[in-house]
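S.K.: One structure, pasted below without further comment.
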């Protein structure tokens, strides 16, 4: 599925309907504000998005929430381009679905914040306190653009010191293991792999720079390679490790290759190079020496007979 999404994104990009897809940026540059305004005007001319149009005087002003040069890497976030299709019927079904996600994500930035009223109630039942929580949407805001939460827990009118009747029962339950990863889950986990690093500086850098395992352009290909090499398999939507994959993890003699720690360390060093705190040539020398050491360890281990 992830490979298919990458292919559809590439098609939209080649048709010039979508900006450069291989980016991990979540922000746009300030210079792009006129382009975004022009794109929104064109989107509102399409029947699919006309219902979300509002007078420009009522648009929310552009802020650093979406436009921040300091948070843009080599390419800005993915958005529809000013080359808006004359009709969405020009697109294939898959292209239409993906383009719709991009279009609505752009439209939402001109809507006000959604407002919710949260309520917490402490209920005394035979001198035992129980907490009930609920919320009500008081202003739909950007939820209006096809983003309304499916479920909201609401509470009936409750007044302090009043008595209410109720029924109570005990239920026997068992804890369950976490659900298996799906492809989207796995990509998200790869994106946030640095959050558990012991090195606080590396952990903070990977979080702020949205770094993880792989890049936005390579994560789908990495997962696909694991399928091809039969290290993982899919049952329904869930992904399972194969016996071959488990064997590799259990027996691969280089622990660095099985941990996000090294990625975090290298990201920190690359950051230091960018600000002049570390020498680029020294970093490359260390990488080359590390790979040579890994090769020497792996090539003389028993695991090589099953790696390929």
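S.K.: May I ask for log10 I(q)/I(0) of the range 2-110 at q = 0.15, 0.16, 0.19 Å⁻¹, from a Debye sum over the Cα atoms as equal point scatterers with solvent left out?
M.R.: -0.63, -0.72, -1.00
S.K.: Also, I was wondering about something else. Over the Cα atoms of the chain, how large are the radius of gyration and the largest Cα-Cα distance (Dmax), in Å?
M.R.: Answer for the chain, Rg first and Dmax second: 25.3, 76 Å.
S.K.: Would you mind calculating the relative contact order of the range 113-173 from Cα pairs under 8 angstrom and at least 6 residues apart, reporting the percent as a whole number?
M.R.: It comes to 29 percent, rounded to a whole number.
S.K.: List the relative contact order of the chain as a percent without decimals, with contacts defined as Cα pairs under 8 Å and 6+ residues apart.
M.R.: Result for the chain is 14 percent.
S.K.: Taking 37 °C and 0.692 mPa s as the conditions, I'd like the Stokes-Einstein D for the range 113-173 in µm²/s, using the Kirkwood hydrodynamic radius from alpha carbon pairs.
M.R.: 231
S.K.: May I pose another question? Label points 7 Å out from Cα along the Cβ direction at residue 86 and residue 215: separation in nm?
M.R.: 3.7
S.K.: Also, I was wondering about something else. Using the scaling law 2.2 N^0.38 Å as the reference, what is the normalised Cα Rg of the range 60-109?
M.R.: Against the compact-globule rule of thumb, the ratio is 1.35.
No lab work stands behind these numbers, since they all come straight from the coordinates. This one's a predicted model, so the numbers in the text were calculated from it and none came from an experiment. Please note: Cβ atoms are built from the backbone with ideal geometry, for glycine as well, and neighbour counts cover all protein chains shown.
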